[in-house]
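Structure first, then comments.
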Amino acid sequence: MTTQETRALTAAPGASPASLDAGSKGAPTASSTGPSTGSPAGPARRVPPRRRPRAWRWSDIAEAAGALAASFFLTWLIFNRLLPFRIMPLAFFAIWFVLFLPIYWFVTKDGQGTTAAKDRVATVFVMAGALFTFTPIVFVIGYVLYRGLKSLSGNFFTQTMQFVGPLAEATDGGALHSIIGTLEQLALATVIAVPLGVLTAVYLSEIKGPLARPVRLVADAMTALPSIVAGLFIFSLFIKPHIIGQSGILGSLALSILMLPTVTITAEQVLRVVPGSLREAALALGAPYWRSVLMVVLPTARAGLSTAVILGMARVVGETAPVLMTTGGTTLLNPNPLSGFQDNLPLFVFTQIRSSQESQVDRGWAGALILLVIVLLLFILARLVGSAGPGRRRFRIPIPGRGGRRRGR
Amino acid sequence: MTAPELDHTRPMAPQEAVPGPMGGVLEGVDVSCWFGSRKVLEGVNIKMDAGVVTALIGPSGCGKSTFLRTLNRMHELVPIATLAGSVLLDGHDIYGVGLRLTEVRRRIGMVFQKPNPFPAMTIADNVAAGLKLTGKKVADRDGLIEASLRRAGLWNEVRNRLDAPAGGLSGGQQQRLCIARSLAVSPDVLLMDEPCSALDPTSTRRIEETILELKDQVTIVIVTHNMQQAQRVSQHCAFFLAAENEPGRVIEQGPTDRLFSDPNDPRTADYVNGRFG
């Protein structure tokens with residue numbers, strides 16, 4: 001590619017950043033073949049090495065590693081030779097980090113100057129911050145995995161707790177009744193809450209009726225509703241007056257109360273980012289408003305809406321308080337959510353982990369692990385649903401008129 | 001909202017077959033527009049004949065886009081918008097009681113400034129979207145898609161990827177896809193609101209060629225900032241201008257050649273010669 005072409009690319013209106021990138025990357029490659037083939041542009045010249053600005057080179061890694069090692073040994077010296085007492089390992093890490101910063105600063109400053117040193121130290125700060133926030137998540141998930149896998153066996157998915165005594169091994173019995181209960185209650189709650197939530201979102205963002213403001217206010221406030229209140233509500237509405245006994249469906253109702261505001265607010269925000277130009281385009285074709293919402297606005301926001309649904313499901317799948325009051329809890333397998341006590345996973349974890357028997361506590365961890373896996377599966381499902389459609393696309397409203405940007409990715 | 005004058009004098013009889021160029025005759029009669037209490041357009045009378053491309057030119061903020069949006073009742077989508085006067089499509093007032101809002105918009109299509117294909121649909125679905133959105137069934141859907149894409153001059157570029165998402169097309173192709181989408185519901189009039197302002201020169205030329213090919217099939221009204229474009233594509237031209245703090249008015253209108261070569265009004269002459277605007 002010649003310089004003129006590169007310039008033309010730069011000057012072309014609407015040229016995508018990707019093509020510019022390709023142009024600038026392509027140029028040195030082309031000219032590096034120049035000397036060997038006998039460049040017509042002029043005498044052969046030395047080609048500067050190809051590089052990417054701000055990429056880590058070996059010397060940079062060596063600097064960082066050296067600073068890390070130096071600060072480590074300095075900390076070791078202080079702790080093990082100079083100080084008269086021992087300190088917790090956590091303090092060791094803290095002092096190591098504190099010593100690392102000035103040492104790294106001086107090393108980089110010596111080699112590359114103040115600007116680079118500032119840049120590097122700031123990078124270290126940002127990365128340390130990311131690590132600091134990420135660590136607890138890793139520990140939580142890691143610990144559940146560690147404890148859960150110990151007592152997880154095949155019969156955890158095929159057996160119930162019906163004939164399991166308090167002194168049985170942790171690998172005896174299973175949570176089939178709880179898993180079935182969780183899945184059924186979650187499905188029922190979704191079936192109840194999602195149509196309501198999406199319709200409310202359509203009302204808030206598309207129809208914008210006179211009730212939109214109070215409805216939005218209530219929905220916002222409901223996100224902070226303590227989950228036990230939802231359980232109490234259903235309890236006092238159905239169970240206390242003996243209308244329906246404790247059962248899976250009542251658990252679903254309590255969960256759907258918690259799910260509704262999450263689905264509504266997420267769906268409304270998703271609908272609001274659908275460009276108004278698409279609604280106008282649909283109306284200009286002669287569509288009634290309801291058809292333009294049904295066939296253009298909702299499908300455009302499809303991926304975001306599925307995220308809203310999954311977020312709502314993930315919000316309630318681990319709720320213990322509402323189901324504690326409404327489903328009853330049992331050790332028996334009851335696949336019928338409409339009548340009779342039902343168990344579910346949070347309740348299973350709750351009852352097992354309260355026990356004084358170590359084996360039951362272990363079983364509780366296995367239940368927690370299964371709960372985590374269910375949430376993970378829900379999120380994977382959301383991504384799959386979100387990326388399906390014409391071609392493989394995530395939820396991203398393309399900027400009309402800039403098709404090049406899309407192709408550049 | 002100010003109630004538009006209902007046109008009771010004209011018969012509501014079904015339209016007779018018009019010889020010559022296809023398309024409808026659109027006529028704005030004494031159209032004024034407001035946004036809230038601000039009057040943006042006053043007393044516009046323009047007749048847009050079938051077989052003729054009418055260009056609306058003028059500097060920014062002179063009300064030409066607003067006028068265009070009154071022509072297919074998109075103006076009223078703005079909650080505070082009101083209007084006076086009437087718009088006649090083949091003699092029937094589109095704001096009158098005889099025509100349904102959705103029917104008006106189907107018969108008077110619109111192409112917007114920025115290409116806005118439906119991102120959740122494939123190219124073919126985009127073209128046929130108007131049928132789905134108006135609840136119409138067509139026996140030969142594929143034939144209609146092909147015919148519409150051919151009329152918009154896009155068929156040869158997309159014939160092999162009709163099932164690809166519409167967002168993958170270039171800006172110019174997207175705009176021609178929008179034209180094809182508008183044509184698929186067989187409108188009598190096609191309104192174009194600066195259809196080339198977001199496009200590069202090559203795409204602009206393709207759109208202009210498309211306009212000239214469509215001219216005998218459908219009445220075209222185009223708003224443009226580009227005076228060369230107005231000269232290239234239009235036969236009739238209206239010049240809008242708004243003085244400071246005053247609503248926009250039509251200063252002058254007539255055959256495009258005459259308006260550009262021998263304007264009556266000195267302001268028109270200044271504008272078409274690029275001395276302001």
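Please specify each residue of the range B:173-194 satisfying the condition of being within 11 Å of another protein chain (Cβ to nearest Cβ) and not aliphatic (A, V, I, L, M).
Correct list: B:GLN173, B:GLN174, B:GLN175, B:CYS178, B:ARG181, B:SER182, B:SER186, B:PRO187, B:ASP193.
Among the numbered criteria (1) at pLDDT 90 or above; (2) open to solvent by 10 Å² or more (accessible area, probe 1.4 Å), which single criterion is violated by B:PRO21? The failed condition is (1).
When you check A:ARG354 against the structure, is it open to solvent by 10 Å² or more (accessible area, probe 1.4 Å) and among the basic types (Lys, Arg), yes or no? Spelling it out, A:ARG354 is indeed open to solvent by 10 Å² or more (accessible area, probe 1.4 Å) and among the basic types (Lys, Arg). Residue selection: A:PHE134 fails the criterion of being surrounded by 13 or more Cβ atoms within 10 Å (Cβ to Cβ), modelled with pLDDT of 90 or more and either touching a Lys or Arg at 6+ places or on another chain (Cβ under 9 Å) or aromatic (Phe, Trp, Tyr) (or both).
To keep it simple, each residue is scored yes or no on (1) under 15 Å from A:VAL121 (Cα atoms); (2) open to solvent by 50 Å² or more (accessible area, probe 1.4 Å); (3) assigned by TED's automatic domain parsing to the domain that holds A:THR123.
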residue	(1), (2), (3)
A:GLY66	yes, no, yes
A:ALA69	no, no, yes
A:THR75	no, no, yes
A:MET88	no, yes, yes
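Right, A:ARG315: of a type in the set (D, E, K, R), within 28 Å of A:GLU169 (Cβ to Cβ) and either under 30 Å from the mean Cα position of the chain (by Cα) or modelled with pLDDT of 90 or more (or both) or not? Criteria not met by A:ARG315.
Considering only the range B:109-120, state which residues are of a type in the set (Gly, Ala, Ser) and in a loop (DSSP other than H, G, I, E, B). So that I can check it myself, show each step before the final result.
Looking only at the range B:109-120, we keep the residues that are of a type in the set (Gly, Ala, Ser), and these are B:109, B:120.
Once the filter is applied, which keeps residues that are of a type in the set (Gly, Ala, Ser) and in a loop (DSSP other than H, G, I, E, B), the range B:109-120 yields only B:ALA120.
Reported count of residues in the range A:161-208, each being open to solvent by 40 Å² or more (accessible area, probe 1.4 Å) and assigned to a loop (DSSP other than H, G, I, E, B), is 8. Residues that are surrounded by 18 or more Cβ atoms within 10 Å (Cβ to Cβ) and either touching a Gly at 6+ places or on another chain (Cβ under 9 Å) or away from chain B (no Cβ under 14 Å) (or both) number at least 3 in the following helices (runs of 4 or more DSSP H) confined to the range A:261-343: A:302-317, A:321-326. Within the range A:67-81, residues that are in contact (Cβ under 8 Å) with a residue 24 or more places away in the chain reach partners that are open to solvent by 50 Å² or more (accessible area, probe 1.4 Å) with beta carbons closer than 7 Å, at six or more positions or on different chains, in the pairs A:ALA67/A:VAL107; A:SER71/A:TRP96; A:PHE72/A:TRP96; A:THR75/A:ILE95; A:THR75/A:TRP96. Under 30 Å from A:LEU101 (Cβ atoms), at pLDDT below 95 and touching a helix residue (DSSP H, G or I) at 6+ places or on another chain (Cβ under 9 Å) - does that describe any residue in the range A:156-163? No, because not a single residue in the range A:156-163 is under 30 Å from A:LEU101 (Cβ atoms), at pLDDT below 95 and touching a helix residue (DSSP H, G or I) at 6+ places or on another chain (Cβ under 9 Å).
Within the range B:71-92, the presence of a residue that is outside any loop (DSSP other than H, G, I, E, B), at the interface with chain A (Cβ under 8 Å from one of its Cβ atoms), free of Cβ contacts under 8 Å to residues at least 60 places away in the same chain and touching a strand residue (DSSP E or B) at 6+ places or on another chain (Cβ under 9 Å) is excluded. For B:CYS196, which of the numbered conditions (1) crowded, with 23+ Cβ neighbours inside 10 Å; (2) on the phi > 0 side of the Ramachandran plot fails to hold? Result: B:CYS196 fails condition (2) only. Regarding the range B:229-236, can at least one residue be identified that is within 14 Å of chain A (Cβ to nearest Cβ) and either surrounded by fewer than 24 Cβ atoms within 10 Å (Cβ to Cβ) or outside any strand (DSSP E or B) (or both)? Within the range B:229-236 (the criterion being within 14 Å of chain A (Cβ to nearest Cβ) and either surrounded by fewer than 24 Cβ atoms within 10 Å (Cβ to Cβ) or outside any strand (DSSP E or B) (or both)), the answer is no, since none of the residues qualifies.
Considering B:GLU146, B:GLU213, B:GLU157, B:GLU208, the condition of being in contact with a Phe, Trp or Tyr (Cβ under 8 Å, 6 or more places away or on another chain), in a helix (DSSP H, G or I), surrounded by fewer than 24 Cβ atoms within 10 Å (Cβ to Cβ) and more than 9 Å from every other protein chain (Cβ to nearest Cβ) is satisfied by B:GLU146 alone. If the condition is being outside any loop (DSSP other than H, G, I, E, B), among the charged types (D, E, K, R) and more than 9 Å from chain A (Cβ to nearest Cβ), then the range B:121-143 contributes B:ARG141, B:ASP142.
For the range B:109-120, filtering for residues that are open to solvent by 10 Å² or more (accessible area, probe 1.4 Å) and more than 7 Å from chain A (Cβ to nearest Cβ) leaves 2.
If a residue has to be in contact with an Asp or Glu (Cβ under 7 Å, 6 or more places away or on another chain) and closer than 16 Å to A:SER355 by Cα to count, how many in the range A:148-170 make the cut? Residues in the range A:148-170 being in contact with an Asp or Glu (Cβ under 7 Å, 6 or more places away or on another chain) and closer than 16 Å to A:SER355 by Cα: 3 in total.
Determine which member of the set A:THR351, A:THR307, A:THR300, A:THR330 is over 22 Å from A:GLY231 (Cα atoms) and out of contact with any Ser or Thr (no Cβ under 8 Å at 6 or more places or on another chain). I'd like the intermediate steps shown before the answer.
Details: A:THR351 fails: over 22 Å from A:GLY231 (Cα atoms); A:THR307 fails: out of contact with any Ser or Thr (no Cβ under 8 Å at 6 or more places or on another chain); A:THR330 fails: over 22 Å from A:GLY231 (Cα atoms).
Just one listed residue meets the conditions, A:THR300.
Going through B:ILE80, B:ILE94 one at a time, which residue ends up being modelled with pLDDT of 90 or more, open to solvent by less than 40 Å² (accessible area, probe 1.4 Å) and either of a type in the set (Val, Ile, Thr) or on the phi > 0 side of the Ramachandran plot (or both)? Walk me through how you get there before you give the answer.
Numbers: B:ILE80 fails: open to solvent by less than 40 Å² (accessible area, probe 1.4 Å).
That would be B:ILE94, the only listed residue that is modelled with pLDDT of 90 or more, open to solvent by less than 40 Å² (accessible area, probe 1.4 Å) and either of a type in the set (Val, Ile, Thr) or on the phi > 0 side of the Ramachandran plot (or both).
Condition test on B:ARG106, is it open to solvent by 10 Å² or more (accessible area, probe 1.4 Å), farther than 17 Å from A:THR300 by Cβ, assigned to a helix (DSSP H, G or I) and more than 9 Å from every other protein chain (Cβ to nearest Cβ)?
So B:ARG106 does not fit the description; no.
The values are calculated or read from the model by the stated rules, or taken from the named source; none is laboratory data. Bear in mind the structure is a predicted one, so any value in this text is a computation, not a measurement. Cβ sites come from the backbone with ideal geometry, for glycine too, and all protein chains shown count toward neighbours. Surface accessibility is based on the protein's heavy atoms, side chains included, excluding ligands, DNA and RNA. Shrake-Rupley method; radii C 1.70, N 1.55, O 1.52, S 1.80 Å.
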